[in-house]
Each structure stands twice: as C-alpha cells, then as structure tokens.
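Just below is one structure, and these are the notes that go with it.
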Amino acid sequence: MNALENWFCSTSFWRRTTEQELLPWILADVPLGEHLLEVGAGAGSATSALWRRAPRVTSLEYDHALVAKLAQQNGRRASVVQGDAAALPFANATFSCALAVLVFHHLKSSALQDRAFAEIHRVLRPGGVFLAMEIPDGWFHRLIHFRSTFTPVPPASLVARLANAGFRDVRIDSRSEGFRFQASRQL
C-alpha cells in the first residue's frame, strides 16, 4: 500500500465508515459462527467491530508493522497472525467464516487471488461462509493506488473463479462504493 492508503485506512473516518456502513452491508443476515477469520486486517478498521459480532476472531495481516500495532492495541483479546492470504498458515477446516474487506486488489496477480480463494476454501469448515468486499476498476481507484499494487477483481469473473476454488452458492451484489460477494463451502 502507498502512503495515502496507509494514512486513510488508519483514520477514524475510515473506521466509522467500515463499522457503520460496510460491515452491516457485507455481513447482513449471515451467521458468522464461533470462529471468524479476518483476512487482511490492515490497520484494524473492522477488527474491534468483528469481535463484537463473533465469539472468536483471528486476524491475518501481511505487513509485520501492522501486525505488531494491532497486537499492541488490542492486547490479550487479539489473535493477530502475520501471513499471506495466498498461503494461509492455518490447518484445514479451522474457521466457521472468513471475511476480506478490500484485500484482493492488493494481491499482485489474478493467479494469487485465485490461490487466496482456494486457501480460504481450505481453511473453512464444511458449511462455512466466505464474505468479501472489493472496489471496481476505474481511473479513480487506479489514481488512489498510484505506486501501489492494484489488481482489480472483475465481478463477472467471480462465479467461475470461486467455483474453481471449490465454493458454491456464490452471490454478488453491488452499490456505488463497491461490490460484495458471498460463497459457501459445501457440507
């Protein structure tokens, strides 16, 4: 992420927007179960809100400095793990639900995105739900990601890509700020 992204994602404005607008939309009517995996926790804009919604949350973040900051901010109640979404450091069938907010466009290729989808499928329990939100391709998003990785996820490709990763019941919904998708691991 570039300096602008790091700054913006650490603001109280973004935390409020995430907690009050994005999460209610992404998580609407979805039972999270007892162990949620937060993929790409970043600065933690969703983390504390997720703790209020699920009995147990494990937050994964790639950046070591953000991992240390999240762990320090949240003390013993935090389970923060450094790792790569395309090579998750968890056993098979560990989580009841997985959530990724604005994560996949930061992966360097669509092949890495597909590996991340397969890894999330692997660590979900049968019947587990995968939820995510992404932004569409466009000049504004490309500008914000200047000197940063920006690999858009085309919504039209998601049904096939998630099916290839093993998911079923893929649903995609969009609104002005982006699109969300939901998929499940078969029982």
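None of the figures in this text is laboratory data; all of them are computed from the coordinates on show. Everything quoted here is computed from the prediction, not taken from an experiment. Every residue, glycine among them, receives a Cβ derived from its backbone with ideal geometry; neighbour counts consider all protein chains shown.
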Problem - Counting DSSP beta bridges with both ends in the chain, the antiparallel % (nearest 5) - result: 45 percent
Exercise for the section: Tell me what the chain gives for mean residue ellipticity at 222 nm when only DSSP H runs of n ≥ 4 count, each as -39,500 (n - 2.57), the sum divided by the residue total, rounded to 500 deg cm²/dmol. Expected result: -9000 deg cm²/dmol
Practice task
With +1 on each Lys and Arg Cβ and -1 on each Asp and Glu Cβ, and nothing else charged, work out how big the dipole of the range 3-185 is about its Cα centre, in Debye to the nearest 20.
Solution key: 280 debye
Fill in the blank from the handout: For the Ile172, Arg16 Cβ pair and Förster radius 22 Å, calculated FRET efficiency rounded to 0.05 is 0.30
Completion exercise
Under the 7 Å Cα-to-Cβ spin-label approximation, Phe140 and Leu4 lie apart by a distance in nanometres of 1.2 nm
Fill in the blank from the handout: With a ≥ b ≥ c from the Cα gyration tensor eigenvalues, square-rooted, and the rule rounded for a/c under 1.5, otherwise prolate when a/b > b/c and oblate otherwise, the chain is rounded
Exercise for the section: Name the shape class, rounded, prolate or oblate, that the alpha-carbon gyration tensor gives for the range 70-168, where a ≥ b ≥ c are the square roots of its eigenvalues, rounded holds for a/c under 1.5, and otherwise prolate holds if a/b is larger than b/c and oblate otherwise. Expected result: oblate
Practice task
Would you work out which of Gly40, Leu60, Gly178 lies farthest towards the positive end of the dipole of the range 3-185? Charges go on Cβ: Lys and Arg +1, Asp and Glu -1.
Solution key: Leu60
Fill in the blank from the handout: If R0 = 35 Å, then Asn92 and Val30, at their Cβ-Cβ distance, give a FRET efficiency to the nearest 0.05 of 0.95
Problem - Alpha-carbon centroid distance for the pair the range 1-75 / the range 104-128, whole angstrom - result: 18 Å
